Amino acid sequence: MENTPIDSESVLSTVSSQGSASVVGSVRSFFNTAERALLLTLIEERKAIIEDKRTTFGPKTRKTKAWLAITSLYNSDPGVNKKTTKQLKNWWMNSKKRAKKAVSCIK
């Protein structure tokens, strides 16, 4: 399988029409377009750290700190529904999967 880079524009366009949902407590909360754009911007700023394939202590610690920073910055925005780090990471992983699937369907 070819390792093709996924850019945030293709991820956003792929998931913009799909309702990404997360559950906070017992209330289901969807990511709206503004929330997705904000999250993609925050991830793009730290993409080299987050997408690092190494799993040794140093890179893994940097990934954890990067996700905590993303969560903090995301939740500090007044126009978003509060999400946990796990929810944001899951959204990012699912978005990448959807983008890869969309690209493979085009080929």
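The values are calculated or read from the model by the stated rules, or taken from the named source; none is laboratory data. Since the model is a prediction, treat every value here as computed from it, not as a measurement. Note that each Cβ is placed from the backbone with ideal geometry, even for glycine, and that neighbours are counted across all protein chains shown.
When SER104 is tested against the conditions (1) farther than 20 Å from SER29 by Cβ; (2) modelled with pLDDT of 95 or more; (3) loosely packed, with under 12 Cβ neighbours inside 10 Å; (4) among the small types (Gly, Ala, Ser), the lone failure is (2).
Select from region 70-90 the residues that are under 13 Å from LEU38 (Cα atoms) and assigned to a helix (DSSP H, G or I) and list them in ascending order. Correct list: ILE70, THR71, SER72, LEU73, TYR74, ASN75, SER76, LEU88. For the structure I just gave you, tell me whether THR41 is at pLDDT 55 or above and either on the phi > 0 side of the Ramachandran plot or of a type in the set (Val, Ile, Thr) (or both). The answer is yes for THR41. Evaluating THR33 against the criteria (1) crowded, with 17+ Cβ neighbours inside 10 Å; (2) modelled with pLDDT of 90 or more; (3) β-branched (Val, Ile, Thr) leaves one unmet condition, (1). For region 71-89, the condition of being touching a residue at least 60 places away in the same chain (Cβ under 8 Å) and out of contact with any helix residue (DSSP H, G or I) (no Cβ under 8 Å at 6 or more places or on another chain) holds for at least one residue.
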